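Report on one structure; see the data block that follows.
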Amino acid sequence: QVQFVESGGGLVQPGGSLRLSCAASRSIFNIYIMGWYRQAPGKQRELVATIIGGGSTNYADSVKGRFTISRDNAKNTVSLQMNSLKPEDTAVYSCNTYIYPRYYWGKGTLVTVSS
C-alpha cells in the first residue's frame, strides 16, 4: 500500500509556472510507474504524464513541451513542472500508481490559471 499527498497548486496567471509535488508514504523505488492526472470542472479525468522507474516519460499531447515529470526515488517524490500555463490547464491534479491489485490516488491539488 501507499498514500500520496500532493502540493504546490494555486492561482497563476496565463503564461506562468507552477511546480507540483507528490509525496509518497513509503519508498517508490520499486514502484514501476507513477503518473499525474487532472480533472477539470465538468470533465472526465485525463492522463497528464507518466514516468517509469528507468526514467522514460510520456505526456498528453496537450502538455508536451510545457510540462515535465520527474521522480526522486531517494525522497519518495514525483514532481510536475508546469510552464506556459493556459486557462485550459485549470484542474485538480492528482498523482497515481498501480500496485496489484488496485490503483492508488492522492486527493489532489487545485491549479487555477486565470488573469
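Side notes on the structure shown:
- Filtered residues of region 86-101 (kept if in a strand (DSSP E or B), open to solvent by less than 30 Å² (accessible area, probe 1.4 Å) and more than 21 Å from Tyr32 (Cα to Cα)): Ala91
- Qualifying residue in region 13-28 (condition: touching a strand residue (DSSP E or B) at 6+ places or on another chain (Cβ under 8 Å) and open to solvent by 80 Å² or more (accessible area, probe 1.4 Å)): yes
- Residue within region 20-29 that is assigned to a strand (DSSP E or B) and modelled with pLDDT under 95 present: yes
Yes/no per residue for (1) modelled with pLDDT of 95 or more; (2) out of contact with any Asp or Glu (no Cβ under 8 Å at 6 or more places or on another chain); (3) not in a strand (DSSP E or B):
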residue	(1), (2), (3)
Thr50	yes, yes, no
Gly54	no, yes, yes
Asp61	yes, yes, yes
Ser79	yes, no, no
Ser84	yes, yes, yes
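The values are calculated or read from the model by the stated rules, or taken from the named source; none is laboratory data. Here the structure is a predicted model, which means the values were calculated and not measured. For neighbour counting, all protein chains shown are included, and Cβ atoms are generated from backbone atoms with ideal geometry for every residue, glycine included. The area values use the complete protein model at the heavy-atom level, side chains included, leaving out ligands, DNA and RNA. Shrake-Rupley method; radii C 1.70, N 1.55, O 1.52, S 1.80 Å.
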